[in-house]
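Heads up, the thing below is written out as structure tokens.
What follows draws every value from the coordinates through simple rules; no lab data is involved. All figures in this text were calculated on a predicted structure; none of them were measured in a lab. Glycine also receives a Cβ, built like all others from the backbone with ideal geometry; neighbour counts cover every protein chain displayed.
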């Protein structure tokens, strides 16, 4: 069980590091209208509001532009899915506490 947790953490950490490496390698300085290597200026460029979306949308590769649309859809769906899971978990927890008399009724 401990190895599963460690392996799961290591896999997620690897994925996030690879995402950052891909982002750094994909920055098109001329499209962002920033001099190469000027990381400070990226905060006021088009990449400041949605860097992964902007890089994919302006790459000129059709499949990456399609993934940019999927990224926008996922930005809406993922938080709502998390909210539904939290609502369901909270309801089930309260029900379980009431069923096992962990949660006492006040009269």
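Observations, loosely collected:
- Label-reachable residues, region 44-65, where backbone N falls under 12 Å from a point 7 Å from residue 74's Cα toward its Cβ: 52-53
- Nearest-ten-degree value, helix 2-26 long axis tilted from longest Cα axis of the chain: 30 degrees
- Computed over region 43-99, the P(r) curve from all C-alpha pair distances, binned at 10 Å from the origin, holds 21, 29, 20, 15, 11, 3 percent per bin.
- Convex hull of Cα atoms in the chain, direction-averaged projection (nm²): 11.9 nm²
- Ascending count of other beta-carbon atoms within 10 Å, so fewest first, for 67, 14: 14, 67
- Förster-model FRET efficiency, 22 Å R0, residue 64 and residue 17, C-beta, rounded to 0.05: 0.60
- Förster radius 41 Å - calculated FRET efficiency between residue 91 and residue 29, Cβ distance, rounded to 0.05: 0.25
- Each Cα pair under 8 Å and six or more residues apart adds its separation to the average, and for the chain the resulting relative contact order is 12 percent.
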